[in-house]
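As structure tokens, the structure follows; a few thoughts come after it.
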Amino acid sequence: MAIKISGLTHIYNPGTPFQKTALEDIHLEVADGEFVGIIGHTGSGKSTLIQMFNGLLRPTSGEVYIKGKNIHEKGINKNEIRQQVGLVFQYPEYQLFEMTVYDDVAFGPKNLGLSKEEIDERVRYALEAVGLDKKYYEKSPFELSGGQKRRVAIAGVLAMKPDILILDEPTAGLDPKGRTSLFNQLKQMHEELKLTIVLISHSMEDMAKYAEKLIVLYKGKIAYQGTTREVFKEGRKLEAIGLAMPQIRYIMEELKARGMNIGTEVLTVEEAADLIKNYLRNAGGVK
Amino acid sequence: MIRDITIGQYYPVASPVHRLDPRTKILLTFIYIISLFFIDFFIGYGFVVVALYAAINVTRVPIKFMLKGLRGIVFILLFTVVLNIFFTPGGRVLFSWNFITVTEGGVKIALMMGARLILLIIGSSILTLTTSPIELTDGIESLLNPFRRIGVPAHEIAMMMSISLRFIPILLEETDKIMKAQMARGADFETGNIVRRAKAMIPIMVPLFISAFRRAEELAMAMEARCYRGGVGRTRMNSLQYKRRDCYAFIIGTLFMIVCFIL
């Protein structure tokens, strides 16, 4: 079990007028090698939750286990946890600070106290993994475009060689091409390296396409949890908590409402296309 | 840890002090600060502590919250006290070793300076804890208005102040975020000697500076987009008005100052 959280509650600024319960009685499990999505309305506690995964926040009550170890127990090395659980924050390019792309990516491995050769190997591995061309390695990160900066920042976390990668809206503000290529790279790493990935995103389409499991947060509590297909079965109930279904579901429902006898529980455009093709074949073409 | 700094932070509860006109509170804070510097007896400080305690009770801000603001100045406080102990001549010599001499006068001045600083910070944090930044700058602008004739840019000063006050929590939050992001990459800010710790600050300072400039530029653009051209001819939605309770507050403040002078 990569991540296990039981009975976790987190309260910000307890005992002041700014007191706010961000998370309440959260129970969840993420298995090794899973691709899990977290969705929820703005302010539902997603970002607080992911900071629990690598011990940046200490929960008010409840336990966090990473690979079976309770990370808030005495004698646990926090840096070891942070190496295992790589966390990419929202707009990670704002944390770049070094003179060159190479040095910035090397920051994490250096903090782990690795040898020079090992650092070099990891930096090259990470920059290759995010698909950044070699000609940028010695450039200042501040000269790059937004999408390239984002890649450098993600590489900075990948260079730690985490077993679990957590990303908070990694594609926010990227153009469609950047989105697709970033997601494809994540998917590839997930499949080839058996990397456990936890992803926050507001795009239901991306979630439907990439996530195997979904956790739905609403007002600091888990509203739904299960495989992506199960969660999207909730359909319009998701709308009541500020979310939506993947757009293709709406098209399928509309088609059904207009008299096409067709299943609506699809996740991706490809699935929908197959269903429609089948339907047309069986019904003998368009009327 | 970084959120502990309370200077410039508004504490929203309903209390008579919160309802006072900001100008009253600013003037009273002035009176308070000036009075503090007239006192040079310990009994006087005792009186100030009692008065301050009463005032804090009226504000309904928990005293714990006020004292938190002191954490930020612990270093300056220690520095002042130590410096005064060792370098103020006068009075009976209490302790002497090589070139270091501690005199009675030195200890007295040191304690006094320490008390003065503590009372100063707590007293002025009452102003910022009970007055929202907008009220505060409105008050400052209105108080500075008479000086416009002699070329004091009242509105610009007030605007600059309100922007900087507004930026304090934003930058604190930003610092917190950047620190966490670097910690996620294994950065360590808490161990090592002073050189190592100073070096560990670079991964925070560089992104923080960049983001401060970026935010400033964005804000300037947003203000211009809404046709901000400075204070000339601007009217306001809530204009300030002195009420009866401001009158009472002034009377209490004046009495306080007189007592301080007598003591």
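The values are calculated or read from the model by the stated rules, or taken from the named source; none is laboratory data. Everything quoted here is computed from the prediction, not taken from an experiment. Cβ: placed from backbone, ideal geometry, glycine included. Neighbour counts: every protein chain shown. What goes into the accessible areas is simple: the full protein's heavy atoms, side chains included, and nothing from ligands, DNA or RNA. Shrake-Rupley method; radii C 1.70, N 1.55, O 1.52, S 1.80 Å.
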Within the stretch A:167-179, of all residues that are more than 15 Å from A:Met204 (Cα to Cα) and hydrophobic (A, V, I, L, M, F, W, C), the one most open to solvent (accessible area, probe 1.4 Å) is A:Leu174
Condition first: on the phi < 0 side of the Ramachandran plot, modelled with pLDDT under 85 and surrounded by 10 or more Cβ atoms within 10 Å (Cβ to Cβ). Now tell me which residues in the stretch B:217-233 satisfy that.
B:Gly231
Consider only pairs whose beta carbons are under 6 Å apart and that are at least six residues apart or on different chains; among these, list those whose first residue lies in the stretch A:119-148 and is more than 19 Å from A:Pro109 (Cβ to Cβ) and whose second residue is part of a loop (DSSP other than H, G, I, E, B).
A:Gly147/A:Leu174
For the stretch B:9-31, give me the residue count where each residue is assigned to a helix (DSSP H, G or I) and in contact (Cβ under 8 Å) with a residue 40 or more places away in the chain.
13
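Can you name the residue in the stretch B:206-216 that is open to solvent by less than 40 Å² (accessible area, probe 1.4 Å) and under 26 Å from A:Ala159 (Cβ atoms) and, of all such residues, is farthest from the other protein chains (Cβ to nearest Cβ)? Reasoning before the result, please.
If we filter the stretch B:206-216 for residues that are open to solvent by less than 40 Å² (accessible area, probe 1.4 Å), which is where we start, we get B:207-208, B:211-212.
From what is left, the residues that are under 26 Å from A:Ala159 (Cβ atoms) are B:207-208, B:211.
Working: B:Pro207: 5, B:Leu208: 9, B:Ser211: 6 Å.
Per the criteria, the residue is B:Leu208.
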With the structure loaded, tell me whether A:Ile119 is among the aliphatic types (A, V, I, L, M), more than 14 Å from chain B (Cβ to nearest Cβ) and surrounded by fewer than 21 Cβ atoms within 10 Å (Cβ to Cβ) or whether it fails that test.
no
Given the conditions (1) at pLDDT below 80; (2) open to solvent by less than 60 Å² (accessible area, probe 1.4 Å); (3) β-branched (Val, Ile, Thr), which single one is not true for B:Ile85?
(1)
Hey, does the stretch A:221-233 have a residue that's at pLDDT below 90 and among the charged types (D, E, K, R)?
yes
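Name the single residue, out of those in the stretch B:106-139 being of a type outside the set (A, V, I, L, M) and within 17 Å of B:Pro89 (Cα to Cα), that is least open to solvent (accessible area, probe 1.4 Å). It would help to see each step written out before you state the result.
To start, the set of residues in the stretch B:106-139 that are of a type outside the set (A, V, I, L, M) comprises B:106, B:108, B:114, B:116, B:123-125, B:128, B:130-133, B:135, B:137-139.
Filter again for within 17 Å of B:Pro89 (Cα to Cα), leaving B:106, B:108.
Values: B:Gly106: 0, B:Lys108: 102 Å².
Here the answer is B:Gly106.
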A:Ala22 fails exactly one of the following numbered conditions: (1) more than 21 Å from A:Leu193 (Cβ to Cβ); (2) open to solvent by 60 Å² or more (accessible area, probe 1.4 Å); (3) touching a residue at least 40 places away in the same chain (Cβ under 8 Å). What is the number of that condition?
(2)
Starting from the stretch B:91-111, keep only residues that are in the same structural domain as B:Phe38 (by TED's automatic domain parsing), then list their pairs with residues that are acidic (Asp, Glu) whose Cβ atoms are within a distance under 9 Å, requiring at least 6 positions of separation or different chains.
B:Gly91/B:Glu104; B:Arg92/B:Glu104; B:Val93/B:Glu104; B:Leu94/B:Glu104
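Yes/no per residue for (1) surrounded by 15 or more Cβ atoms within 10 Å (Cβ to Cβ); (2) assigned by TED's automatic domain parsing to the domain that holds B:Ser125; (3) not charged (D, E, K, R):
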site	(1), (2), (3)
B:Pro169	yes, no, yes
B:Asp188	no, no, no
B:Gly192	no, no, yes
B:Ile204	yes, no, yes
Does A:Leu182 count as open to solvent by less than 50 Å² (accessible area, probe 1.4 Å), under 21 Å from the mean Cα position of the chain (by Cα) and either modelled with pLDDT under 90 or not assigned by TED's automatic domain parsing to the domain that holds A:Ile39 (or both)?
yes
Hey, can you tell me all the residues within the stretch A:94-115 that are surrounded by fewer than 22 Cβ atoms within 10 Å (Cβ to Cβ), of a type in the set (A, V, I, L, M, F, W, C) and facing chain B (nearest Cβ under 9 Å)?
A:Phe97, A:Leu112
Name the residues in the stretch B:182-202 that are at the interface with chain A (Cβ under 8 Å from one of its Cβ atoms) and either touching a residue at least 24 places away in the same chain (Cβ under 8 Å) or not in a helix (DSSP H, G or I) (or both), would you?
B:Arg185, B:Gly186, B:Ala187, B:Asp188
Out of all the residues in the stretch B:63-74, is one or more under 26 Å from the mean Cα position of the chain (by Cα), more than 19 Å from B:Phe42 (Cα to Cα), at pLDDT 80 or above and aromatic (Phe, Trp, Tyr)?
no
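Can you confirm whether A:Tyr210 is among the hydroxyl-bearing types (Ser, Thr, Tyr), out of contact with any Asp or Glu (no Cβ under 8 Å at 6 or more places or on another chain) and open to solvent by 20 Å² or more (accessible area, probe 1.4 Å)?
Details: among the hydroxyl-bearing types (Ser, Thr, Tyr): yes; out of contact with any Asp or Glu (no Cβ under 8 Å at 6 or more places or on another chain): yes; open to solvent by 20 Å² or more (accessible area, probe 1.4 Å): no.
When the stated conditions are applied, A:Tyr210 does not pass them.
When only residues in the stretch A:59-93 that are without any contact (Cβ under 8 Å) to a residue 40 or more places away in the chain and within 12 Å of another protein chain (Cβ to nearest Cβ) count, which is least open to solvent (accessible area, probe 1.4 Å)?
Our first condition is that a residue be without any contact (Cβ under 8 Å) to a residue 40 or more places away in the chain; within the stretch A:59-93, this holds for A:69-81.
Restricting the remaining residues to those that are within 12 Å of another protein chain (Cβ to nearest Cβ) gives A:77-81.
On the way: A:Asn77: 84, A:Lys78: 62, A:Asn79: 46, A:Glu80: 90, A:Ile81: 5 Å².
That would be A:Ile81.
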Taking the residues in the stretch B:32-81 that are outside any helix (DSSP H, G or I) and open to solvent by 40 Å² or more (accessible area, probe 1.4 Å) as candidates, determine which candidate is nearest to the other protein chains (Cβ to nearest Cβ).
B:Pro62
Looking only at residues that are open to solvent by 10 Å² or more (accessible area, probe 1.4 Å) and within 14 Å of chain B (Cβ to nearest Cβ) in the stretch A:29-58, which one is nearest to A:Leu114 (Cα to Cα)?
A:Leu56
In the stretch A:229-264, how many residues are part of a loop (DSSP other than H, G, I, E, B) and open to solvent by less than 90 Å² (accessible area, probe 1.4 Å)?
13
Turns out the helices (runs of 4 or more DSSP H) fully within the stretch A:128-220 with at least 2 residues that are over 30 Å from A:Thr21 (Cβ atoms) and within 14 Å of chain B (Cβ to nearest Cβ) are A:146-158
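Go through the stretch A:25-51 and give me each residue that's of a type in the set (D, E, K, R) and touching a residue at least 40 places away in the same chain (Cβ under 8 Å).
Matches in the stretch A:25-51: A:Asp25, A:Asp32, A:Glu34, A:Lys46.
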